[in-house]
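Let me begin by presenting the structure, written as structure tokens, before commenting on it.
The values are calculated or read from the model by the stated rules, or taken from the named source; none is laboratory data. All of these numbers come straight from a predicted model, not from anything done at the bench. With ideal geometry, Cβ positions are generated from the backbone for all residues, glycine too; neighbour counts draw on all protein chains shown.
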Amino acid sequence: MRIIVDAFGGDHAPDEIIKGAVKAADELSVEVVLCGDESKIKESAQKKNVSLEKIEIMQASEVFDIHTEPQKLLREGKNTSMYVGMDALKQGKGDAFVSAGSTGALLVGATFITKRLKGVKRCALMPIMPASNGPIVMLDAGANTECRAEMLVQFAIMGTCYAKNVLGIENPRVALINNGAEETKGRELELEAYKLLSQSPVNFVGNIEARYLPLGGCDVAVTDGFTGNVALKLYEGMGKFISNELKAMFGGGIFSKLGALFVYKKIKALKKRMDYKEYGGAVFAGASKPIIKAHGSSDARAIFNAIRQARDCVSSDVVGNIKEYIEEMTDNE
């Protein structure tokens, strides 16, 4: 299995990307291909005393700047590490692609370079988020700020497929994020989506208020990209807030530090569960190839986990299963 990684995507590229890729090549039984300027990759590895013995390098002389208009990836970005890597994925030179670069540009690439699966109306960003009884998937988390109700049904089907085949949830509970649990709540989008989801093949359990997401109120949460991105960013912010509060609580004095010794393992486990770096990244559901969007501030650990996530997507044939789910839904319409 070959995972192509954008060596120059993200705030800490290429140093942290290289370290995460090397760790993945050592521990995950996958071939890792770093896409980017070969001389700069080798220079960074040498400075950080990192061996590239197990790493293949795919030459790409330019970097797609995160502030650049996403559509320019197609017109002006053909020599960038992002474009070259995605084009190689399209040509079958790799099994999955990982990047911590521009979300908008990756969406453009997933739509126009690797293409969408037949029948999929829009690719959706699908992060994994921690909850009290296990992880949940949410989509869309920012790829499509405006959605139609039928798109949310496709999101639910794709999320169900991922939760079942990758997370191992036998019959994933699907909920629609809304401002109330009653079926009469919400805007026109939510009202229509509720009706369609109720008639769809997924295990739809109704509306869910955002406060019940971390409490494990569902396994798959569907919404439009604007609402989903707000929920995701609040989730990440609360994770950092709680982590900082715990650190302050048990670091104030000798008695606090002594108390911390008794609950250290539980605190460490909680922080790990709430850390986005542990979940790798967000899958572009609906793309014809596995594409993973890692967090822009990803360090080596986050990149390692994003590569692990890419490996799991390939080994579980998530794309193939989503294709079957979508085709089955289309045949039943």
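Worth pointing out:
- Note on region 283-333: residues that are under 11 Å from the mean Cα position of the chain (by Cα) and polar (S, T, N, Q) amount to 2.
- Residues of region 21-59 that turn out to be in contact (Cβ under 8 Å) with a residue 40 or more places away in the chain, crowded, with 21+ Cβ neighbours inside 10 Å and in a helix (DSSP H, G or I), as a count: 2
Condition check ((1) touching a residue at least 60 places away in the same chain (Cβ under 8 Å); (2) surrounded by fewer than 18 Cβ atoms within 10 Å (Cβ to Cβ); (3) not polar (S, T, N, Q)) across all residues:
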position	(1), (2), (3)
M138	yes, no, yes
A141	yes, no, yes
F155	yes, no, yes
C161	yes, no, yes
V166	yes, no, yes
E170	no, yes, yes
R173	no, no, yes
G186	no, no, yes
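- L261 falls short on exactly one of the conditions (1) at pLDDT 60 or above; (2) over 22 Å from V108 (Cβ atoms); (3) surrounded by fewer than 23 Cβ atoms within 10 Å (Cβ to Cβ); (4) not small (G, A, S), and that condition is (1).
- Within region 284-308, the set of residues being in a strand (DSSP E or B) and either surrounded by fewer than 24 Cβ atoms within 10 Å (Cβ to Cβ) or of a type in the set (D, E, K, R) (or both) comprises just one member, K293.
- Residue, surrounded by the most Cβ atoms within 10 Å (Cβ to Cβ), within region 76-92, restricted to residues that are within 16 Å of K115 (Cβ to Cβ), touching a residue at least 12 places away in the same chain (Cβ under 8 Å) and not aliphatic (A, V, I, L, M): G85
- Residue in region 43-56 that is at pLDDT 95 or above and closer than 23 Å to N144 by Cβ present: no
- Scanning region 179-201 for residues that are closer than 30 Å to S316 by Cβ and either not in a helix (DSSP H, G or I) or not small (G, A, S) (or both) gives Y194, L196, L197, Q199, S200, P201.
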